[in-house]
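For reference, the structure is listed below as structure tokens.
The values are calculated or read from the model by the stated rules, or taken from the named source; none is laboratory data. Everything quoted here is computed from the prediction, not taken from an experiment. No Cβ is skipped: glycine too gets one built from the backbone with ideal geometry, and neighbour counts run over all protein chains shown. Areas reflect the complete protein model, heavy atoms only, side chains present, ligands, DNA and RNA absent. Shrake-Rupley method; radii C 1.70, N 1.55, O 1.52, S 1.80 Å.
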Amino acid sequence: MTLYSWGDPRRFPRLPSPTVRYFDVAPDSRVLAHCHWQPRPWEHPTIVALHGLNGSSDAHYMKGIAVKAFARGMNVILLNQRNCGDTERLSAGLFHSGLTADPKYVVEELIAVDGLPSIAVAGYSLGGNLALKLAGDYGGAAPSQIRAFAAVSPILEISLCVRALERRENVLYEWNFVRGLKRRMKRKGRLQPGVFDLSRLPRIKTVREFDDAYTAPYFGFADAEDYYHRASAMRVIDRVRVPTLIITAEDDPFVPSQPFRDPKITANPNITLHICRHGGHCGFVGQRNGGEDDGYWAEHQIVDFAASLA
């Protein structure tokens, strides 16, 4: 399912063209969102969607959520993380897997400026970790307008995921992730000559090596392992107080299912957990039933969960 969903040439003819919006999340950083607004958007619930590593608002699952939520009368905000979606020029620095300050800023601007009454934050993979970590960071102090969080295949314990990614059978996935990370650093280097030392890039073969060389030192972590520990949603998952949906799979090639059985999750009454036997990483493709049902089960679950709490 991982490979199928990765390569499936999905089309979304019913999704209207988005409105472009920028959020100034920090003095030197701006992020891009593609927004699908309902008429009189302040009268409708909203889903803010967060993509995975090397993804963007153009990822198939982002648009899959958007078309399903929009058809249910929701606004949808497809948020690009810093430097993603060809936005390297908008931010001076880098991005890491636990940088919840950005989606927090976006959500709170949508509440304060747009007057949106009901918001759900949903993420896939790295974006799932961000959504869960944001829920834990808020604890019991989340704005009342935030009604739900959802995460599909979240990299809940990043160190374990990176270790699994390094297994021989996952060489294709690791190669693809590293290729994307290196391309982004080269684009940053062209835009900001001399700011980042690119001499180490040719020797980097793994995500861990990339994070040791760039992500960890840039953000002041001791090394990649320190970064993984501190950026993982697992550190704060027991503090979640807003209704939260988590979907993961036993056969995910690089997100082990065991951490999801921790009592910090299973004993938290605010968390609805689905550990599926099959689904792969961000796949969860079922039978197509014609019409609007394209078989992408997890996307339906997110929209149904958000709608039930709107």
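Output ³J(HN,Hα) for region 167-183: one whole-Hz value per residue in order, computed from phi by the Karplus curve 6.51 cos²θ - 1.76 cosθ + 1.60 with θ = phi - 60°, and x for Gly and Pro.
Result, rounded to whole Hz: 5, 4, 5, 9, 4, 5, 5, 4, 4, 5, 5, 5, 4, x, 5, 5, 4.
Might you tell me the accessible area per residue for region 7-100, computed with a 1.4 Å probe and given in Å²?
Values: 3740 Å² over 94 residues.
Accessible area per residue, region 7-100: 40 Å².
What percent do you get for the relative contact order of region 102-240 when only Cα pairs under 8 Å and 6+ apart count?
30
Using the Cα centre of region 238-284 as origin and beta-carbon charges of +1 (Lys, Arg) and -1 (Asp, Glu), tell me which of His274, Ala249, Phe284 is placed farthest towards the positive end of the dipole.
Of the options given, the answer is His274.
For Gln192 and Arg72 in the same chain, what is the full-extension length gain: residue separation times 0.36 nm, less their Cα-Cα distance, in nm?
Details: separation 120, 0.36 × 120 = 43.20 nm, distance 4.30 nm.
Taking 0.36 nm per residue and subtracting the Cα distance, the gain is 38.9 nm.
Around Ser118, which amide H atoms from residues at least 5 apart in sequence, or from another chain, sit under 5 Å from its own amide H, with H modelled in the peptide plane?
Thr46
Residue separation times 0.36 nm, minus the C-alpha to C-alpha distance between Glu225 and Asp28: what's the value?
68.2 nm
For the chain, what is the charge dipole size about the Cα centre, in debye to the nearest 20, if Lys and Arg each add +1 at the Cβ and Asp and Glu each add -1 at the Cβ?
Its charge dipole is roughly 580 debye.
Label the chain by shape, choosing from rounded, prolate and oblate, from the square roots a ≥ b ≥ c of the eigenvalues of the Cα gyration tensor; if a/c is under 1.5 it is rounded, and otherwise prolate applies when a/b is larger than b/c, oblate when it is not. Each step should come with its number before you reach the end.
Numbers: a/c = 1.38, a/b = 1.22, b/c = 1.13.
Rounded, since a/c falls under 1.5.
By its C-alpha gyration tensor, with a ≥ b ≥ c as the square roots of the eigenvalues, how is region 1-44 shaped: rounded for a/c under 1.5, else prolate for a/b larger than b/c, else oblate?
oblate
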